[in-house]
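J.: Got a structure for you, questions after.
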Amino acid sequence: MWDMDAGAIEDAAAASAAQYQSFAEASRTVLDLLERHLPQSTPFLAHLDRGQAIHRIVDCRNGRPFGLRSNLAQPLQGTFCAAMADDRGPQLCNDVPTHPVYGPLEAQDRFGAGSYLGVPLELADGTRVGSLAAFAREPGRFRPEDQRLMTLLARVLSSELERESNQRDLRRLNDTLRGQARRLGALTGVAQALASSGDARPAVCRAACEAGGAPVAFLLEPRGADFMSTAMHGADVAPVTIQPRADLAATGRGGFTSRESYFVADARNHPALAEPLVTATDARSALFEPVLRGNQVAGVLIIIWRTQVEQPNAAVGEVLRLIAAQAAVAIEQESLRARAGALSLTDRLTGLASRRIWDEELPRELARARRYDAPLSIAVLDMDHMSAFNMLHGEAEGDRLLKESGALWRGQLRDVDLLARLEDEEFGLVLPNCGLSEGVEVVDRIRAATPRGQTVSAGVARWDGEEPAELFIARAADALATAKAAGRDITIAAE
């Protein structure tokens with residue numbers, strides 16, 4: 001198998017480490033690099049617009065032989081990149097005319113390519129939004145190392161695209177929050193709650209009451225087929241569960257499933273409001289304001305008046321829609337917080353204990369060792385040459401190596417031992433009732449279990465019975481640094 005030449009590796013590494021002002025700058029850099037390393041070819045960057053079913057050229061180099069240019073658009077399904085991104089065709093094809101997928105494509109009738117090489121631009125959620133690709137007129141043009149180079153550069157562009165998109169979304173959200181806070185005093189409390197670490201949903205209900213001049217507001221969120229209240233203001237009742245009526249939704253009178261505001265002038269005799277809710281809140285009029293996340297109903301704000309009122313005017317309605325938009329952010333924050341709380345106990349990649357667990361459990365083990373006058377050792381382990389591994393095999397394979405190693409190492413330990421992933425390729429190990437020499441033996445055993453011929457360096461330290469956790473860890477880390485300096489693939493015991 002051919003290997004990437006040193007120049008390509010250096011250029012790819014430089015492109016990966018560079019700080020770009022924009023995605024456009026990163027695109028230009030990557031295409032310039034491909035132009036140097038893929039002579040007699042036409043490298044290009046394309047956007048796969050699945051919403052409009054369009055394949056659009058973002059930028060290209062040496063496009064004249066194929067008539068490629070920026071903003072050139074064609075139907076998505078007839079293109080090489082769509083077939084590649086959908087895994088219907090290979091990323092590297094050196095005989096396009098005879099290939100059963102690429103040969104019959106409409107794009108091949110237009111371009112007459114002899115060779116094609118393409119890799120998808122994939123976001124963190126797995127969505128493939130673009131392609132980094134190249135055409136060549138003659139067959140047999142591209143090699144496996146060209147594919148590896150393009151894969152590395154596609155990761156650079158995917159990362160930059162995600163970063164720029166996140167920054168743009170964050171700027172838009174901040175601008176929206178600032179504008180609402182300036183114009184609408186009712187939103188100030190919501191903005192402050194969203195910026196804090198607490199649940200902002202009660203603040204949403206309070207702001208809805210202030211904006212609508214109403215005494216009571218509920219926020220309800222879908223729970224299966226029902227809607228359950230997750231926050232309220234102005235009422236002290238048990239959580240409310242309401243099942244929307246299908247017949248009302250079909251006639252547009254279902255306030256829980258509608259994507260439009262729905263006002264109820266007389267709440268006492270309206271089927272959209274459950275009788276227990278009317279009784280508990282003494283409702284006379286009500287407004288259902290949908291909380292939308294995209295096109296999906298993420299919840300509904302119910303604003304309740306205890307006197308019969310007319311439908312709120314346009315200005316109040318606009319404020320309530322803004323509050324509902326904030327409610328969507330609050331719901332998303334709580335969802336993320338719940339998921340983060342569950343994930344923080346375990347490392348997402350390896351399934352091992354997280355850094356949080358390591359930081360919490362080590363002081364407990366120190367206290368236990370002091371109480372029972374028992375030995376306690378720890379180790380800090382670090383994979384050797386992971387940057388080179390990722391460069392040669394790709395980050396996905398590097399992640400698989402860490403995951404496989406964690407599983408194999410865990411199998412070499414006792415139930416009382418704690419193995420945690422601290423960060424990147426660094427791991428921590430707590431060994432209760434274990435002296436220094438025994439600790440070195442355990443670490444050597446798990447190092448030997450590392451798969452794929454990968455080596456590991458480690459530092460081991462035994463607690464002296466007095467030092468705090470920070471100094472204890474520092475001694476093990478110093479021993480690891482000594483192991484790295486000694487040539488790696490070794491365990492060093494701290495003095």
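J.: Just one of (1) assigned to a strand (DSSP E or B); (2) in contact (Cβ under 8 Å) with a residue 40 or more places away in the chain trips up Arg141, so point out which.
T.: (1)
J.: Within segment 88-105, identify whether any single residue is closer than 16 Å to Val129 by Cα and surrounded by 13 or more Cβ atoms within 10 Å (Cβ to Cβ), and answer yes or no.
T.: The answer is yes, given that some residue of segment 88-105 is closer than 16 Å to Val129 by Cα and surrounded by 13 or more Cβ atoms within 10 Å (Cβ to Cβ).
J.: In addition: Go through segment 28-81 and count every residue that is surrounded by 16 or more Cβ atoms within 10 Å (Cβ to Cβ), out of contact with any helix residue (DSSP H, G or I) (no Cβ under 8 Å at 6 or more places or on another chain) and not in a loop (DSSP other than H, G, I, E, B).
T.: Going through segment 28-81 one residue at a time, the tally reaches 6.
J.: Also, I was wondering about something else. Across segment 105-130, what is the total count of residues that are among the basic types (Lys, Arg) and assigned to a helix (DSSP H, G or I)? Break it down into steps so the answer makes sense when it comes.
T.: Just the residues of segment 105-130 that are among the basic types (Lys, Arg), to begin with: 110, 128.
Restricting the remaining residues to those that are assigned to a helix (DSSP H, G or I) gives 110.
So the answer is 1.
J.: From Ala246, Ala238, Ala203, Ala225, which residue is modelled with pLDDT of 80 or more and of a type outside the set (Lys, Arg)? Break it down into steps so the answer makes sense when it comes.
T.: Details: Ala246 fails: modelled with pLDDT of 80 or more; Ala238 fails: modelled with pLDDT of 80 or more; Ala225 fails: modelled with pLDDT of 80 or more.
The match here is Ala203.
J.: Another question, then. Just one of Gly299, Gly294, Gly317 is assigned by TED's automatic domain parsing to the domain that holds Thr279, buried (at least 21 other Cβ atoms within 10 Å of the Cβ) and not β-branched (Val, Ile, Thr); which is it? I'd like the intermediate steps shown before the answer.
T.: Values: Gly294 fails: buried (at least 21 other Cβ atoms within 10 Å of the Cβ); Gly317 fails: buried (at least 21 other Cβ atoms within 10 Å of the Cβ).
The unique qualifying residue is Gly299.
J.: Also: Going through segment 21-71 one residue at a time, which ones are over 29 Å from Gly140 (Cβ atoms), over 28 Å from the mean Cα position of the chain (by Cα) and of a type in the set (Asp, Glu)?
T.: none
J.: Which of the numbered conditions does Val204 fail, given that it passes all the others? Conditions: (1) outside any helix (DSSP H, G or I); (2) touching a residue at least 24 places away in the same chain (Cβ under 8 Å); (3) under 28 Å from the mean Cα position of the chain (by Cα).
T.: Exception for Val204: condition (1).
J.: Among the residues of segment 455-464, is any within 35 Å of the chain's Cα centre (by Cα) and among the charged types (D, E, K, R)? Reasoning before the result, please.
T.: Step one: filter segment 455-464 for residues within 35 Å of the chain's Cα centre (by Cα), giving 455-460.
Keeping just the survivors that are among the charged types (D, E, K, R) gives none.
No, segment 455-464 contains no residue that is within 35 Å of the chain's Cα centre (by Cα) and among the charged types (D, E, K, R).
J.: If the requirement is being of a type outside the set (A, V, I, L, M), surrounded by 16 or more Cβ atoms within 10 Å (Cβ to Cβ) and more than 25 Å from Arg348 (Cβ to Cβ), which of these qualifies: Gly428, Gly406, Gly439? Steps first, please.
T.: On the way: Gly428 fails: more than 25 Å from Arg348 (Cβ to Cβ); Gly406 fails: more than 25 Å from Arg348 (Cβ to Cβ).
Sole residue among the options that is of a type outside the set (A, V, I, L, M), surrounded by 16 or more Cβ atoms within 10 Å (Cβ to Cβ) and more than 25 Å from Arg348 (Cβ to Cβ): Gly439.
J.: OK, next. Can you name the condition, by its number, that Val443 falls short on among (1) out of contact with any Asp or Glu (no Cβ under 8 Å at 6 or more places or on another chain); (2) assigned to a loop (DSSP other than H, G, I, E, B)?
T.: With (1) out of contact with any Asp or Glu (no Cβ under 8 Å at 6 or more places or on another chain); (2) assigned to a loop (DSSP other than H, G, I, E, B) applied to Val443, the lone miss is (2).
J.: Then there is this: Just to verify a result, which residue in segment 383-438, among those that are within 18 Å of Phe472 (Cα to Cα) and part of a helix (DSSP H, G or I), is farthest from the chain's Cα centre (by Cα)?
T.: By that ranking, first place goes to Ser437.
J.: Scan segment 470-477 and tell me whether some residue there is assigned to a helix (DSSP H, G or I), within 18 Å of Leu362 (Cβ to Cβ) and touching a helix residue (DSSP H, G or I) at 6+ places or on another chain (Cβ under 8 Å). Break it down stepwise before answering.
T.: From segment 470-477, those assigned to a helix (DSSP H, G or I) are 470-477; that's our starting set.
Checking the rest, the ones that are also within 18 Å of Leu362 (Cβ to Cβ) come to 470-477.
Filter once more, keeping what is touching a helix residue (DSSP H, G or I) at 6+ places or on another chain (Cβ under 8 Å): 472-473.
Yes, there is a match, as at least one residue in segment 470-477 is assigned to a helix (DSSP H, G or I), within 18 Å of Leu362 (Cβ to Cβ) and touching a helix residue (DSSP H, G or I) at 6+ places or on another chain (Cβ under 8 Å).
J.: What's the number of the condition Asp417 fails, among (1) among the acidic types (Asp, Glu); (2) within 23 Å of Gly351 (Cβ to Cβ); (3) surrounded by 13 or more Cβ atoms within 10 Å (Cβ to Cβ); (4) out of contact with any Cys (no Cβ under 9 Å at 6 or more places or on another chain)?
T.: Going through the list (1) among the acidic types (Asp, Glu); (2) within 23 Å of Gly351 (Cβ to Cβ); (3) surrounded by 13 or more Cβ atoms within 10 Å (Cβ to Cβ); (4) out of contact with any Cys (no Cβ under 9 Å at 6 or more places or on another chain), Asp417 breaks only (4).
J.: Within the group Ala73, Ala82, which residue is under 28 Å from Ala26 (Cβ atoms), of a type outside the set (Asp, Glu) and free of Cβ contacts under 8 Å to residues at least 24 places away in the same chain?
T.: On the way: Ala82 fails: free of Cβ contacts under 8 Å to residues at least 24 places away in the same chain.
Among Ala73, Ala82, only Ala73 is under 28 Å from Ala26 (Cβ atoms), of a type outside the set (Asp, Glu) and free of Cβ contacts under 8 Å to residues at least 24 places away in the same chain.
J.: Do the conditions hold for Glu365, that is, is it under 30 Å from Ala12 (Cα atoms), modelled with pLDDT under 95, surrounded by fewer than 22 Cβ atoms within 10 Å (Cβ to Cβ) and not assigned by TED's automatic domain parsing to the domain that holds Ala17? Before the answer, list the steps.
T.: Working: under 30 Å from Ala12 (Cα atoms): no; modelled with pLDDT under 95: yes; surrounded by fewer than 22 Cβ atoms within 10 Å (Cβ to Cβ): yes; not assigned by TED's automatic domain parsing to the domain that holds Ala17: yes.
So Glu365 does not fit the description; no.
J.: Considering segment 82-94 alone, what residues qualify as being assigned to a loop (DSSP other than H, G, I, E, B) and either over 11 Å from Val119 (Cα atoms) or out of contact with any Ser or Thr (no Cβ under 9 Å at 6 or more places or on another chain) (or both)? Outline the logic, then answer.
T.: From segment 82-94, those assigned to a loop (DSSP other than H, G, I, E, B) are 86-91, 94; that's our starting set.
Listed by number, the residues that qualify are Asp86, Asp87, Arg88, Gly89, Pro90, Asn94.
J.: Name the residue that is farthest from His385 (Cα to Cα), counting only residues in segment 443-475 that are surrounded by fewer than 21 Cβ atoms within 10 Å (Cβ to Cβ) and β-branched (Val, Ile, Thr).
T.: Once the filter is applied, the top-ranked residue is Ile473.
J.: Could you tell me whether Val380 is among the β-branched types (Val, Ile, Thr), touching a strand residue (DSSP E or B) at 6+ places or on another chain (Cβ under 9 Å) and outside any strand (DSSP E or B)? Spell out the reasoning first.
T.: Details: among the β-branched types (Val, Ile, Thr): yes; touching a strand residue (DSSP E or B) at 6+ places or on another chain (Cβ under 9 Å): yes; outside any strand (DSSP E or B): no.
It is false that Val380 is among the β-branched types (Val, Ile, Thr), touching a strand residue (DSSP E or B) at 6+ places or on another chain (Cβ under 9 Å) and outside any strand (DSSP E or B).
The values are calculated or read from the model by the stated rules, or taken from the named source; none is laboratory data. Keep in mind it's a predicted model, so treat the numbers as computed, not measured. All Cβ positions, even for glycine, are placed from backbone atoms using ideal geometry, and neighbour counts span all protein chains on display.
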